[in-house]
Every structure is written in structure tokens, then in C-alpha cells.
1. Once label points are set 7 Å from the Cα along Cα→Cβ at both Phe197 and Tyr73, what is their separation, rounded to one decimal in nm?
2. Where the centre of each part is set by its Cα atoms, how far does segment 6-74 sit from segment 129-206, in angstrom?
3. Students often get this wrong: which residues of segment 17-52 have the backbone nitrogen under 12 Å from the point 7 angstrom along Cα-to-C-beta of Arg127?
4. What do the square roots of 5 times the Cα gyration tensor eigenvalues come to for segment 1-141, in whole Å, largest first, as semi-axes of the equivalent ellipsoid?
5. Which of the aspartates and glutamates could a cross-linker span from Lys77 if the Cα-Cα distance has to be under 19 Å and same-chain partners fewer than 8 positions apart are dropped?
6. Separation between the Asn117 and Met152 pseudo-spin-labels, each 7 Å from Cα along Cα→Cβ, expressed in nm?
7. What net charge do the residues around Asp188 carry, taking every other residue with its C-beta under 14 Å from that of Asp188, with Lys and Arg at +1 and Asp and Glu at -1?
8. Highest first, please rank the peptides 87-95, 70-78 by the mean number of other Cβ atoms sitting within 10 Å of their residues.
Amino acid sequence: MKRTAKQWLSAHPELWLSIGYGLFYLVAFFSLEQLSLDYHIIHCPLDDFIPFNEWFIIPYCIWYAWIPAVLVYLLCKDTADYLRLCFIMFGGMTLCLAFYLIWPSAVELRQALPRDNILCQVVALLRKADTSTNVLPSIHVSSTVAIAVVLMKHRALQHKTVLKAAILVYSVLVCLSTVFLQQHSVLDGIAGAGLSFALSFPAYHPVFLRLPLIRHWNLKATQAKMYPSQAILSQFLTESV
């Protein structure tokens, strides 16, 4: 099992990009949450017409598994698209963190939970863990849009209309969840979506895959087919059981 895992990791050094950035992001985000800054309150008239709905906690929480699941899928299936997603999503997260520090933002939308049920209890836990600060742009929205953009262009899904429609529906639900749970203003979502759409242009420019490090990772993964990565992963999972 150790040899198999080592082979798979050797064939995919780009995996450490996700692991390393994930650790950086967690430290940076929760460090920002601890700061007491002069926050700018984000609000628009449309926010006042959006009612709280606890059912949106379901797509909101699935998002935490959705991100690593898509990253692992693309890592095994298409290195180029994996690297594009890392650029769009991690680049967007980094710009969000920088913006939170330079121009601190917050919302004052949260009201008392209207009902006492299991979904509202989960929302209460979310509110304790995630403050109403550092909201513009929305990382939930920017990451969701980044994944949707890459999967809609992913060659393996080119003719899978139903699956692509399901991905789009889920992506819309995640974006809506940020406002129906009163985590974000509509403006936060618009900014988050715009950020990912903007970053998608350089990610799909022909020059992107010719960048030295990107080209090296992509070539290494392509050439590591003497022992296919999918077979390595399958054997690794089998031996782990």
C-alpha cells in the first residue's frame, strides 16, 4: 500500500498545491476572523426582500465536501482542468482574503432563528463558527462559480447534459444559500461570481498551459501512464480496505 500511494503521489506532485493552499487558507481566514477592524457594512435593497430559509443549509454544507471531491476527480481525470480550477478558485480565494484585509466588510442581516428544528440548529452552529465579517466578495460563491465554469468546459462531461444541468442547479442553490441563510448580501455574491468569471479568462488562454510550472505538472501527469494513475488509485483504495 505504501509503495502504491508513493507511486500515485509521485505521478501527481500537483496534489500538494491543493494541500498546501488549503492549509494556508485556513490559517489566513481564521486569523482574519480574530481581528477587530473597522468594517464596512454591505447592504442593498434586495437583501430586505430575501426571507430566511433554513433548508438552504443543506447545499451550503455540502459545499465543504464538493470542493475536495471535484479537486480529486479532476486530479485523476484531467490535470489541465485541475490546474485551471486551482488557478481560478485559489486565486479567487487569495484575492478575497487580500480584499478582506484591505477593505474589511461585514453584514448586519442575521435575525433570530424563526423556528426550532434540526436545520435551524445547524444554522446556529454555523453562525457561531463563521462570523458575519469578511463577506465581500463571497468565497462560497466565487469557489462555486469557479467549479461550475471548469466542469461546464470539462471534456469528459461534454455530452452529459443531465449531469451538467444537475451541476448548474446545485451551483445556483449554493449561491442562493448564502443570501437565504443571511450569511451574505446579494452584492457579496455578485462580486464573488464576477471574480471567478474574470479569472477564468487567463485560465483558458493558450498561454496558461505553456507556463513553465503548469507545463511541467501537466506533462508529468500525462507521461505517468506506464502505470496509469487511475489504476494506482484503485489499487490504493482496495488495499486500504
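1. Computed distance between label sites Phe197 and Tyr73 equals 2.3 nm.
2. About 11 Å separates the Cα centre of segment 6-74 from the one of segment 129-206.
3. Counting backbone N atoms under 12 Å from the label point, the list is 52.
4. 33, 19, 14
5. Candidates past the 8-residue exclusion: Glu14.
6. 3.2 nm
7. -2
8. The packing order, highest mean first, is 87-95, 70-78.
Taken together, the values in this text are just the output of simple stated rules run on the coordinates, not laboratory data. Everything numeric here is computed off the predicted structure, so don't read it as measured data. Counting neighbours? That spans all protein chains shown, and the Cβs are built from the backbone with ideal geometry, glycine included.
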